[in-house]
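Since the structure comes first, as structure tokens, the remarks are kept for the end.
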Amino acid sequence: MTINANTKIAPILKHNANALEAIVSISTKFQKLRNPLLRKLMAGRTTLAAASKIGGCSVDDFFRKLEPLGFTIDRVTEPVDERKKTVPAFITSLTREQIIELDVRPVISSGNDPLNMILEHVKAIRPGHVLKIINTFEPTPLILMLQKKGFETYVDQIDHDLVETYFNKKTEAGITDDGTRLQDNLDWETVLEKMGSKVQKVDVRHLEMPQPMHTILGALDQLPTDTALYVYHKRIPVFLLPELAQRGFDYRIKEVDEAEVHLLIFRN
């Protein structure tokens, strides 16, 4: 595998299991990669160039550690400046009074999942207000999930270990009070009807983490091209969503109640 400054950590770890210890040995700040939850959240979004800033080291430090493991090093490709991005209109017009802040760093540091707390704040957002999540990394799974519900987002990398993510609840027609799209609700029935009998079902409600995700991905590996996977889950699997996108799958989510969620997963 050839790597350069813009290679993300996730494919490196997937290519060689020994790469985890090699990376952790570079800086004590990479110890958090030992946590499966944080590793899943961070590794898929963090390039070696970005990681070097977090760890106070250089990209060459990664190259020196990874080259003995069999990685081919591309030292020619320059790091992409990921800070250059368009600031959306809802950010430029914000006032301090419109921003609701939620710092989830203490929750994650304690080893807990802040999703339920975040979703409670999401449901409580009033029109004209914006939720700001304060974290140490970009919450990609949460962004994908809320964009699916009609939210627009903006990520501001303040420092190497401080990221502020803004979520704005769109007010255009078709967005319900709980942030779901009426069109998505209609799409659920449309997709289900279109699939007809070509639906396989899997129930992961009784499984403990991380078995639900492993079970779902395993079922998708065996899923026929023209078939959808109907999943019975007890929560929205936010870590699964970006993985589905990478594998070329689309999905619909139907929240039955606080303890049950149904997913319909199918190929794009």
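The values are calculated or read from the model by the stated rules, or taken from the named source; none is laboratory data. Nothing here was measured: the structure is a model prediction, and the numbers come from that model. Positions of Cβ are backbone-derived with ideal geometry, glycine not excepted, and every protein chain shown enters the neighbour counts. What goes into the accessible areas is simple: the full protein's heavy atoms, side chains included, and nothing from ligands, DNA or RNA. Shrake-Rupley method; radii C 1.70, N 1.55, O 1.52, S 1.80 Å.
Checking I158, I134 one by one, the residue that is loosely packed, with under 14 Cβ neighbours inside 10 Å, closer than 25 Å to P242 by Cα and in contact with an Asp or Glu (Cβ under 7 Å, 6 or more places away or on another chain) is I158 and no other. Assigned to a loop (DSSP other than H, G, I, E, B) and either out of contact with any helix residue (DSSP H, G or I) (no Cβ under 6 Å at 6 or more places or on another chain) or within 22 Å of I23 (Cα to Cα) (or both), is that true of V122? No: the conditions fail for V122. Here are L186, L207, L244, L182: which of them is at pLDDT below 85 and in contact with a Ser or Thr (Cβ under 9 Å, 6 or more places away or on another chain)? So the residue among L186, L207, L244, L182 that is at pLDDT below 85 and in contact with a Ser or Thr (Cβ under 9 Å, 6 or more places away or on another chain) is L182. Within the stretch 195-209, no residue satisfies the criterion of being out of contact with any helix residue (DSSP H, G or I) (no Cβ under 8 Å at 6 or more places or on another chain) and among the β-branched types (V, I, T). Look at the stretch 13-27: where a residue is aliphatic (A, V, I, L, M) and a partner is open to solvent by 80 Å² or more (accessible area, probe 1.4 Å), sitting 6+ places away or on another chain with Cβ atoms under 8 Å, you get L20/R34; A22/K65; I23/K65; V24/Q31; V24/R34; I26/K65. For the stretch 105-113, does any single residue satisfy the condition of being at negative phi, touching an Asp or Glu at 6+ places or on another chain (Cβ under 6 Å) and not acidic (D, E)? No, the stretch 105-113 contains no residue that is at negative phi, touching an Asp or Glu at 6+ places or on another chain (Cβ under 6 Å) and not acidic (D, E). Within the stretch 224-268, being part of a strand (DSSP E or B), acidic (D, E) and in contact (Cβ under 8 Å) with a residue 24 or more places away in the chain holds for E255, E260.
If you go through the stretch 211-223 and keep only what is within 17 Å of V191 (Cβ to Cβ) and either assigned to a loop (DSSP other than H, G, I, E, B) or acidic (D, E) (or both), you end up with just L223.
The sole residue among A5, A17 that is in a loop (DSSP other than H, G, I, E, B), open to solvent by less than 20 Å² (accessible area, probe 1.4 Å) and of a type in the set (G, A, S) is A5.
Candidates are the residues of the stretch 105-152 that are free of Cβ contacts under 8 Å to residues at least 12 places away in the same chain and charged (D, E, K, R); the one that is farthest from R252 (Cα to Cα) is R126. When the criteria are applied in full, L144 meets the requirement of being at pLDDT below 80, in a helix (DSSP H, G or I) and either within 21 Å of I236 (Cβ to Cβ) or out of contact with any Ser or Thr (no Cβ under 9 Å at 6 or more places or on another chain) (or both).
Residues in the stretch 215-268 that are open to solvent by 20 Å² or more (accessible area, probe 1.4 Å), more than 19 Å from the chain's Cα centre (by Cα) and small (G, A, S): G218, A219, A259. Could you say whether any residue in the stretch 92-108 is more than 22 Å from the chain's Cα centre (by Cα), of a type in the set (A, V, I, L, M, F, W, C), open to solvent by 70 Å² or more (accessible area, probe 1.4 Å) and modelled with pLDDT under 85? Within the stretch 92-108, none of the residues are more than 22 Å from the chain's Cα centre (by Cα), of a type in the set (A, V, I, L, M, F, W, C), open to solvent by 70 Å² or more (accessible area, probe 1.4 Å) and modelled with pLDDT under 85. Within the stretch 25-38, restricting attention to residues that are surrounded by 17 or more Cβ atoms within 10 Å (Cβ to Cβ) and not aromatic (F, W, Y), the residue that is modelled with the highest pLDDT is I26.
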